[in-house]
Amino acid sequence: MEENKHKRRVHYSGKYPKKFEEKYKEQNPEKYADTVAHVISKGSTPAGMHISIMVQEILDVLKIQPGEQGLDCTLGYGGHTRKMLEKLGGQGCIYGLDVDPIESKKTIERLRNAGFGEDVFRFIQTNFANIDHVAKETGKFDFVLADLGVSSMQIDDPSRGFSYKIDGPLDLRLDPEHGESAAQRLHNITREEFVGMLLENSDEPYAQEIADKVFSLMKKGDPMDTTTALRKAIEDALWKVPKEEKAQTIKKSCARVFQALRIDVNSEFEVLYSFLDKLPGILNPGARVAILTFHSGEDRLVKKSFKELKKAGLYSEISEDVIRPSAEECRLNPRSKSTKLRWAIKSAE
């Protein structure tokens with residue numbers, strides 16, 4: 001039997017690693033804390049990590065007290081959850097929900113290693129549209145957080161297909177074990193449906209041109225199954241854009257197209273509608289809610305729901321204006337720039 005030979009780590013060329021798998025130090029914050037701190041200080045997010053957004057603002061809104069029961073609807077990397085658990089001081093419990101089976105395992109291990117056992121933190125793998133079913137098992141909650149953004153570790157991993165900047169399969173599913181990938185979705189809809197998706201989900205001004213190019217290429221046999229293939233199709237579709245505007249226009253259109261596909265593949269608006277409708281029913285009297293949104297479509301839905309439910313008497317107070325991240329946070333974490341925080345308080349019954 002041949003012995004397993006030790007394989008040396010592949011070295012990267014240049015001063016800094018470029019490929020995801022080469023950034024092994026960034027993906028080990030406990031072991032390489034200095035490297036991680038250096039990457040963050042430059043305004044970048046370390047590979048495989050997620051920098052939690054507006055942590056203090058969320059804690060200020062939720063006013064967590066020891067002994068309370070809370071719900072983090074989108075566990076992600078667990079940064080918000082950890083800070084909320086610290087506020088409980090070992091008394092009470094937080095339930096974390098997530099549909100991502102890949103990242104949630106890592107997060108649970110991270111929180112357990114930080115000393116948060118089953119008595120104070122419990123995980124349920126489910127979509128946060130199912131909060132009514134969760135509450136039937138757990139009881140109602142004193143505070144709820146929903147961070148609607150995609151986590152950085154999902155964006156940065158090429159195998160997940162969330163970013164147009166790196167080559168990978170055109171997937172975009174938060175739960176890659178279920179549902180259609182973005183590539184499959186493109187092959188199962190019409191050009192007109194794709195135009196509608198781009199307009200509704202991301203207000204893409206070049207929706208018609210991009211859809212024409214994508215479907216023309218697929219008709220010729222291009223499978224359109226990688227992030228690079230879709231990005232190239234978008235670039236080709238915008239050939240009429242003036243040269244001095246082209247680079248920025250392509251960048252923005254790529255971001256919007258990938259956003260529109262991600263929203264569609266994961267039924268994000270339908271999930272948010274269901275969550276907002278069920279939310280008052282899982283709250284104890286006086287419970288506080290904080291929701292982070294990352295694009296105008298999400299924020300409009302949250303704002304409308306909060307206003308209507310306050311008018312109906314289900315919320316006693318809601319945020320009249322959005323809370324935005326500080327200039328310093330935006331500098332250290334550019335991915336926070338589009339964030340909006342809204343809050344609501346359940347009426348006393």
- Task: May I ask you to verify whether L314 is in contact with a Ser or Thr (Cβ under 9 Å, 6 or more places away or on another chain), of a type in the set (A, V, I, L, M), open to solvent by less than 80 Å² (accessible area, probe 1.4 Å) and within 19 Å of L71 (Cβ to Cβ)?
- Result: yes
- Would you say I124 is at pLDDT 90 or above and within 18 Å of the chain's Cα centre (by Cα)? yes
- Item | Failed criterion for E235 (all others in (1) in contact (Cβ under 8 Å) with a residue 24 or more places away in the chain; (2) open to solvent by 60 Å² or more (accessible area, probe 1.4 Å) hold) | (1)
- Residues of segment 153-200 classified as farther than 23 Å from S296 by Cβ and not polar (S, T, N, Q), total: 25
- Note on the structure: Quick count over segment 190-203, residues being closer than 17 Å to R256 by Cβ, open to solvent by 40 Å² or more (accessible area, probe 1.4 Å) and assigned to a helix (DSSP H, G or I), is 3
- Item | Selection within segment 180-189 - open to solvent by 30 Å² or more (accessible area, probe 1.4 Å) and outside any loop (DSSP other than H, G, I, E, B) | Q184, R185, H187
- Note on the structure: Filtering segment 95-115 for residues that are touching a Phe, Trp or Tyr at 6+ places or on another chain (Cβ under 6 Å) and among the small types (G, A, S) leaves a count of 1
- Query: If you check L59, L71, which single one turns out to be surrounded by 23 or more Cβ atoms within 10 Å (Cβ to Cβ) and either at negative phi or in contact with a strand residue (DSSP E or B) (Cβ under 7 Å, 6 or more places away or on another chain) (or both)?
  - Reply: L71
- Restricting attention to segment 319-346, which residues are under 20 Å from D277 (Cβ atoms) and open to solvent by less than 20 Å² (accessible area, probe 1.4 Å)? S319, R342, A344, I345, K346
- Residues (among the charged types (D, E, K, R) and either touching a Gly at 6+ places or on another chain (Cβ under 8 Å) or open to solvent by less than 20 Å² (accessible area, probe 1.4 Å) (or both)) located in segment 204-229: E204
- Query: When both residues are 6+ apart or on different chains and their Cβ atoms are under 6 Å apart, which pairs have a first residue that lies in segment 332-349 and is in contact (Cβ under 8 Å) with a residue 24 or more places away in the chain, and a second that is charged (D, E, K, R)?
  - Reply: S336/E329; K340/D299; L341/E57; I345/R288; I345/E317
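The values are calculated or read from the model by the stated rules, or taken from the named source; none is laboratory data. Because the structure is predicted, anything quoted here is derived from the model rather than measured. Every residue, glycine among them, receives a Cβ derived from its backbone with ideal geometry; neighbour counts consider all protein chains shown. Just so you know, the surface numbers come from the protein's heavy atoms only, side chains and all, with ligands and any DNA or RNA stripped out. Shrake-Rupley method; radii C 1.70, N 1.55, O 1.52, S 1.80 Å.
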